[in-house]
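Taking it in order: structure first as structure tokens, then the write-up.
The values are calculated or read from the model by the stated rules, or taken from the named source; none is laboratory data. Given the structure is predicted, the values throughout are model-derived calculations rather than measurements. Heads up, the Cβs are rebuilt from the backbone with ideal geometry, glycines too, and the neighbour counts pull from every protein chain shown. The protein model used for the area step is the full one, side chains on, heavy atoms only, and it has no ligands, DNA or RNA in it. Shrake-Rupley method; radii C 1.70, N 1.55, O 1.52, S 1.80 Å.
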Amino acid sequence: MIYNHILSFRTCILWFRSSCMMAARICQLLVIIFIQISITTAQNNDREVLRAFKNDWQNTPPSWDGSDPCDGSWDGIRCTNSRVTAITLSSMKLVGGLSGDIGQLTELQILDLSYNTGLTGSLTSQIGNLKKLTNLLLVGCGFTGPIPDSIGTLERLRYLSLNSNGFTGPIPASLGNLQNLYWFDLSDNKLTGNLPVSNGSNPGLDMLTNAKHFHFGDNQLSGNIPSGLFNSNMTLIHLLFENNELTGPIPSTLGLVTSLQVVRLDRNGLTGNVPSNINNLINVTEMFLSNNRLTGLVPNLTGMNALNYLDLSNNTFGPSVVPSWFTTLRALTTLKMQSTNLGGELPAEFFSIPQLQNVDLSNNRINGTLSIGSNPSTQLQLVDLRTNQIASFTQRRQYSIDLILVDNPLCMESGVTDKYCSLPTTTNTSYSTPPNNCVSPSCSSGLVSSPNCRCAFPYMGSFFFKAPSFSSLGNSTIYISLQNQLMDFFRKANFPVDSVALNNPSRNLDDYLVINLEVFPSPGPSFNRTGIVGLGFALSNQTFKPTRDFNTYVFMSSNYDNFLPEISGTESNKSKSSNTGIIIGSAVGGCVVVVLLVVIGMYAFSRRKQPQRTSQQPQQPFANWDQTSKSTGDVPQLKGARAFTFEELKKYTNNFSEINNIGAGGYGMVYRGSLPNGQLIAIKRARQGSTQGGLEFKTEIELLSRVHHKNVVGLIGFCFDQGEQMLIYEYVVNGTLKDSLSGKSGIRLDWARRLKIALGAARGLQYLHDLADPPIIHRDVKTNNILLDDRLVAKVADFGLSKPMSGANITHITTQVKGTMVSDSFLSVCCS
Ligand SMILES: *[C@@H]1O[C@H](CO)[C@@H](O)[C@H](O)[C@H]1NC(C)=O
Ligand SMILES: *[C@@H]1O[C@H](CO)[C@@H](O)[C@H](O)[C@H]1NC(C)=O
Ligand SMILES: *[C@@H]1O[C@H](CO)[C@@H](O)[C@H](O)[C@H]1NC(C)=O
Ligand SMILES: *[C@@H]1O[C@H](CO)[C@@H](O)[C@H](O)[C@H]1NC(C)=O
């Protein structure tokens, strides 16, 4: 009894102490604010610039509310010493332009406005003032007009991604000055003109010796590929010039860039012989020279032993016979040489290349007898030899691949019915990430079931892999591997991601592999803006790097429309957004609140009745009660709470999987789950052996189901089935106050928010003390037991240790000491 007293008293004292400390902290902050205001009024252009953007743009984050973009509350803005150093606002549906004001943010290092198709107009040349810029990412926006020359003065630039906009005009030669450039992507624009090379004092792209990526595909670039563009000092690994209007021969200097791994020159107007030194490029794994007007003999690729994917189709090579390198390039997965004027017999050995998947040699002059040998590649899927001169086939019945021999002499004899003499029905290679050992719920509209069977709003978009090493899309191994790589990446980088799903892989007209991606949030049903801009940046900036078989990609995101509601326009933000008078006012108000808290606490303490020692009443054996035997009349009297079966909860938590385990305590584990309608729940599952008697459990749920208050975690239901006792609560998205105070949750709690939380928690406690019937003393108030919802409203939780205060009906009150021994960390995290 004494212990009990002491504990409750101590709890109250701690509460007062923390409140007082918060008041002290408020005063401390006030001083700091005043000092800051007096020092920084002079030099803060960055604030003005961002406020101007806020006015110019539609759909800026609601958190852009306070007056100071550098106070940490503005989503997507990072500052150092009141100067803006990073703006990451991908996928925000921003609408507007990029005004010359941006040039004043001279400390800016990262600018990522990717995936905002509503950002239009031309790119200001003022961007050239951002001398500290390292990453300029404007992927998939709506910018038009020329690329400003001034970008060539950004000496520190490492990532320049202007792909998928409407930029016109030539590539500025000045970009050759970007000595630190690593990633250079201009693809999918409307750029015209020549590829600039240096000439005397004029810069050119040949000077970019540190660049690894030239991605210029899908433009209207024209003229020759200058032989001066390549030299042996370069370290390029990906050269993507596909789908332009380049003409003339492939310069032999290309053979000097031996670091190359991917070469795409397809779909241009290139002519002449392929330079004979092309086989110097022994590290090239994917090479596309298709759809040009290349002449001469089919090139000698002997020695390019790393080649996985080779496409030489649709050129005007002179008559050649099947070259010897067909059987020596043992890494080939894919060989496409449609319409290349190839004659002679195909060696059976060719089909035994171990990873060979797809072969397209249609429309050539291949003749003689076809044999796919006794030991063809196990991955072989499609061999297209239509329109050739093959006279016979030795293995008429012993193959399991799609073989097409339509329009060959052997199919032209009358009465031929062999399968290979007609076109195969196109095989469906569709893939979609399956549920992870669970049953997908039907989600309400807009929500999508994740692989873990939770309804949520995923972040969606498409990968465009421009040169994967494989061509077979029917093998799910590749997608599972990509899923795992993505999850590993998100986990290591601490992204709030539950799972990823891939679906609908296909090859598009550019011969890119397109795969749709869905990223599911964890914990809540939605991402917040910080989550989205983080994901967007990881993909726009290529921070996520898949393995070599996928090679380079572009990710294009869809809009994300279902952000977690944010705290905006609340009193906390209003107070920030205005002048010092209001700050003082709020501070005074805050102090009043602290006093109020003290009063409430005292009141609660004084009202507290002395617990009385009673012997526990002998209880009815209650073991027979469970929610299925409703006829006993013993079913608990519940207000708004429902009974769940064990099977149901098993399903909602994916069989109480490890990943859904979100906490543990003396009584057992806490699991996260989601109801079929998408609502998230937290399930407190009593450990075997720490279950209580049926009557006690019933009393507890009856009691808890009567508690309804904004600041108290609500009970949704219970499970009393198959020997289990579980309480099902609403899931409170932002976790414990402790995690937020310690910075673990990433939520920033300024003093106004802290005050609001303290007040909310006090309201919850006061409700439990004074208004709940019967009154409840929490007996374990600590920051771990105060949860924050999506609007950072405090919710008092964990009634496992609570007990009702009751004058008359004191049947089952125990006098055990309850609560948690308070460690100093409580005070330090709260009030330091
Ligand atoms: C080619 O690849 C090998 C192994 O991947 C590597 O060691 C070598 O440096 C590469 N060659 C060039 C020129 O980059
Ligand atoms: C192809 O190149 C290899 C090595 O460079 C050489 O040994 C071979 O004779 C060449 N083949 C033809 C047909 O020129
Ligand atoms: C097959 O084609 C090659 C080259 O086009 C030719 O030299 C050879 O005689 C042809 N063989 C037959 C059996 O027609
Ligand atoms: C699927 O791909 C994996 C890895 O690339 C490979 O090991 C496996 O043999 C492939 N399976 C089939 C049926 O081609």
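State all residues of the stretch 663-702 that are assigned to a strand (DSSP E or B) and either modelled with pLDDT under 80 or within 19 Å of Leu447 (Cα to Cα) (or both); if no residue qualifies, say none. Lay out the reasoning, then the answer.
First pass over the stretch 663-702, keeping only residues assigned to a strand (DSSP E or B): 663-665, 668-674, 680-686.
Across the stretch 663-702, the qualifying residues are Gly663, Ala664, Gly665, Gly668, Arg672, Gly673, Ser674, Leu680, Ile681.
Only a single criterion out of (1) within 16 Å of ligand 3 (Cβ to nearest atom); (2) under 21 Å from Glu349 (Cα atoms); (3) open to solvent by 20 Å² or more (accessible area, probe 1.4 Å) is not satisfied by Thr327, namely (1). Where strands (runs of 3 or more DSSP E) sit wholly within the stretch 384-496, those with at least 2 residues that are open to solvent by less than 80 Å² (accessible area, probe 1.4 Å), modelled with pLDDT of 90 or more and not β-branched (Val, Ile, Thr) occupy 389-393, 459-465.
Just one of (1) within 21 Å of Leu205 (Cβ to Cβ); (2) among the small types (Gly, Ala, Ser); (3) within 16 Å of ligand 1 (Cβ to nearest atom) fails for Ala306. It is (1). Do we find that Met337 is within 24 Å of Asn268 (Cα to Cα), surrounded by 21 or more Cβ atoms within 10 Å (Cβ to Cβ), modelled with pLDDT of 95 or more and out of contact with any Asp or Glu (no Cβ under 9 Å at 6 or more places or on another chain) in this structure? So Met337 does not fit the description; no. A single entry from Arg47, Arg83 fulfils the requirement of being among the basic types (Lys, Arg), surrounded by 14 or more Cβ atoms within 10 Å (Cβ to Cβ) and at pLDDT below 90: Arg47.
Cβ-Cβ contacts under 8 Å between residues 6 or more apart (or on different chains), taken from a first residue in the stretch 219-233 that is at positive phi to a second residue that is surrounded by 14 or more Cβ atoms within 10 Å (Cβ to Cβ), are listed as Gly223/Gly193; Gly223/Asn194; Gly223/Leu195; Gly223/Leu246; Gly223/Thr247; Gly223/Gly248. Filtering the stretch 516-549 to residues that are buried (at least 22 other Cβ atoms within 10 Å of the Cβ) and in contact with a helix residue (DSSP H, G or I) (Cβ under 7 Å, 6 or more places away or on another chain) leaves Val519, Pro521. Has the stretch 93-105 got any residue that is free of Cβ contacts under 8 Å to residues at least 60 places away in the same chain, of a type outside the set (A, V, I, L, M) and part of a loop (DSSP other than H, G, I, E, B)? Checked the stretch 93-105: at least one residue is free of Cβ contacts under 8 Å to residues at least 60 places away in the same chain, of a type outside the set (A, V, I, L, M) and part of a loop (DSSP other than H, G, I, E, B).
Per-residue answers, yes or no, for (1) over 36 Å from the mean Cα position of the chain (by Cα); (2) surrounded by fewer than 19 Cβ atoms within 10 Å (Cβ to Cβ); (3) modelled with pLDDT under 95:
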position: Phe241; (1), (2), (3): no, no, no
position: Leu254; (1), (2), (3): yes, no, no
position: Thr258; (1), (2), (3): no, yes, no
position: Gly269; (1), (2), (3): yes, yes, no
position: Asn273; (1), (2), (3): yes, yes, no
position: Asn283; (1), (2), (3): no, yes, no
position: Ser313; (1), (2), (3): yes, no, no
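Taking the stretch 243-252 as the range and being β-branched (Val, Ile, Thr) and surrounded by fewer than 22 Cβ atoms within 10 Å (Cβ to Cβ) as the test, only Thr247 passes. Taking the stretch 43-63 as the range and being among the β-branched types (Val, Ile, Thr) and outside any loop (DSSP other than H, G, I, E, B) as the test, only Val49 passes.
Take Ser290 and tell me if it is within 14 Å of ligand 1 (Cβ to nearest atom) and either open to solvent by less than 10 Å² (accessible area, probe 1.4 Å) or assigned to a loop (DSSP other than H, G, I, E, B) (or both).
Working: within 14 Å of ligand 1 (Cβ to nearest atom): no; either open to solvent by less than 10 Å² (accessible area, probe 1.4 Å) or assigned to a loop (DSSP other than H, G, I, E, B) (or both): yes.
For Ser290, the condition - within 14 Å of ligand 1 (Cβ to nearest atom) and either open to solvent by less than 10 Å² (accessible area, probe 1.4 Å) or assigned to a loop (DSSP other than H, G, I, E, B) (or both) - is not met.
If you filter the stretch 188-239 down to residues that are charged (D, E, K, R) and more than 16 Å from ligand 1 (Cβ to nearest atom), you find that the one that is nearest to the chain's Cα centre (by Cα) is Asp188.
For Ser362, state whether it is assigned by TED's automatic domain parsing to the domain that holds Leu307, away from ligand 2 (no atom under 16 Å from the Cβ) and in contact (Cβ under 8 Å) with a residue 12 or more places away in the chain.
On the way: assigned by TED's automatic domain parsing to the domain that holds Leu307: yes; away from ligand 2 (no atom under 16 Å from the Cβ): yes; in contact (Cβ under 8 Å) with a residue 12 or more places away in the chain: yes.
So Ser362 fits the description; yes.
Residues in the stretch 704-745 that are open to solvent by 40 Å² or more (accessible area, probe 1.4 Å) and more than 16 Å from Asp789 (Cβ to Cβ): Arg706, Gln722, Gly723, Ser742, Gly743, Lys744.
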